[in-house]
Amino acid sequence: MSHSLEGKKIAFLATTGFEQIELTQPWSELKDAGADVVLVSLEKGSIKGFNHMEPGDDFNVDQILDEVTADDFDCVVLPGGVHNPDALRTDNRAVQFVRDFFRQHKAVAAICHGPWVLVEADVLAGRILTSWQSLKTDIENAGGSWVDQEVVVDEGLVTSRNPDDLDAFCAKTIEVFSEGRHRKQVA
């Protein structure tokens, strides 16, 4: 089944230290499905991707958190890497931005270490998700249930474990984002 993202504006929230392929592959596939994709970050300029521990390419930031709100987008993607979500989860603007997607019942996709931001946003209670294995305890402590699966969908939240899962992650993200599934209300 073909899913179109025509008319959907998708934020990719990242900062320096993201796993490059976890941004570039979803970016390309969502754009090919018709989405307007926007790189949102903490500061103006560019951010650097990483290929595991090796520095990767620089990416120009389209908008910064001070210029946007969740109201401006239909959905958000949270790439992994270790430094990227760790830096985002310590920034109140980033945490509130993500929390607002849940409050507005908008779809969210997170891969690898990306769910660290969801832990900090306090939006995982009662949810089933996956991530990089080292986040299991953090997710469970935040009230979520962690499973070791390629891709998991829980009421508009799409999660995957690592770059090996990207094909399934992208396909499921496009499906969920195109359907505009809503999730439980977050207080």
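The values are calculated or read from the model by the stated rules, or taken from the named source; none is laboratory data. This is a predicted model, so every value here is computed, not measured. Counting neighbours? That spans all protein chains shown, and the Cβs are built from the backbone with ideal geometry, glycine included. All accessible areas refer to the heavy atoms of the entire protein, side chains included, with ligands and DNA or RNA removed. Shrake-Rupley method; radii C 1.70, N 1.55, O 1.52, S 1.80 Å.
For Ala70, state whether it is of a type in the set (A, V, I, L, M), more than 23 Å from Met53 (Cβ to Cβ), crowded, with 19+ Cβ neighbours inside 10 Å and over 16 Å from the mean Cα position of the chain (by Cα). It would help to see each step written out before you state the result.
Details: of a type in the set (A, V, I, L, M): yes; more than 23 Å from Met53 (Cβ to Cβ): yes; crowded, with 19+ Cβ neighbours inside 10 Å: yes; over 16 Å from the mean Cα position of the chain (by Cα): no.
It is false that Ala70 is of a type in the set (A, V, I, L, M), more than 23 Å from Met53 (Cβ to Cβ), crowded, with 19+ Cβ neighbours inside 10 Å and over 16 Å from the mean Cα position of the chain (by Cα).
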Single condition Glu67 does not satisfy, out of (1) closer than 23 Å to Leu5 by Cβ; (2) touching a helix residue (DSSP H, G or I) at 6+ places or on another chain (Cβ under 9 Å)
(2)
Name every residue in segment 35-66 that is open to solvent by 20 Å² or more (accessible area, probe 1.4 Å) and either assigned to a helix (DSSP H, G or I) or on the phi > 0 side of the Ramachandran plot (or both), in order of residue number.
Gly45, His52, Asp66
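Can Glu54 be described as touching a Cys at 6+ places or on another chain (Cβ under 8 Å) and over 26 Å from His105 (Cβ atoms)?
On the way: touching a Cys at 6+ places or on another chain (Cβ under 8 Å): no; over 26 Å from His105 (Cβ atoms): yes.
Considered against the rule, which asks whether it is touching a Cys at 6+ places or on another chain (Cβ under 8 Å) and over 26 Å from His105 (Cβ atoms), Glu54 comes out as no.
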From the set of residues in segment 52-93 that are touching a Pro at 6+ places or on another chain (Cβ under 9 Å) and aliphatic (A, V, I, L, M), which is nearest to Leu118 (Cα to Cα)?
Leu78
Only unsatisfied item for Ile47, checking (1) touching a Ser or Thr at 6+ places or on another chain (Cβ under 6 Å); (2) within 24 Å of Ala142 (Cα to Cα); (3) of a type in the set (Val, Ile, Thr), is (2)
Note: among Val117, Val95, just one is free of Cβ contacts under 8 Å to residues at least 60 places away in the same chain and under 14 Å from Thr15 (Cβ atoms), namely Val95
Which residue is nearest to His113 (Cα to Cα), if the candidates are limited to segment 126-152 and must be touching a residue at least 12 places away in the same chain (Cβ under 8 Å) and of a type in the set (D, E, K, R)?
Asp138
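Does Cys75 satisfy the condition of being within 28 Å of Gly7 (Cβ to Cβ), in contact with a helix residue (DSSP H, G or I) (Cβ under 8 Å, 6 or more places away or on another chain), crowded, with 20+ Cβ neighbours inside 10 Å and in contact (Cβ under 8 Å) with a residue 12 or more places away in the chain? I'd like the intermediate steps shown before the answer.
Values: within 28 Å of Gly7 (Cβ to Cβ): yes; in contact with a helix residue (DSSP H, G or I) (Cβ under 8 Å, 6 or more places away or on another chain): yes; crowded, with 20+ Cβ neighbours inside 10 Å: yes; in contact (Cβ under 8 Å) with a residue 12 or more places away in the chain: yes.
Criteria met by Cys75.
Each row is one residue, and each column tells you yes or no for (1) modelled with pLDDT under 95; (2) within 23 Å of Asp36 (Cα to Cα); (3) among the polar types (S, T, N, Q).
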{"residue": "Gln133", "(1), (2), (3)": "no, no, yes"}
{"residue": "Glu140", "(1), (2), (3)": "no, no, no"}
{"residue": "Gly144", "(1), (2), (3)": "no, no, no"}
{"residue": "Val151", "(1), (2), (3)": "no, no, no"}
{"residue": "Thr159", "(1), (2), (3)": "no, yes, yes"}
{"residue": "Leu166", "(1), (2), (3)": "no, yes, no"}
{"residue": "Ile174", "(1), (2), (3)": "no, yes, no"}
{"residue": "Lys184", "(1), (2), (3)": "yes, no, no"}
How many of the residues making up segment 4-34 are open to solvent by less than 40 Å² (accessible area, probe 1.4 Å), touching a residue at least 60 places away in the same chain (Cβ under 8 Å) and outside any helix (DSSP H, G or I)?
11
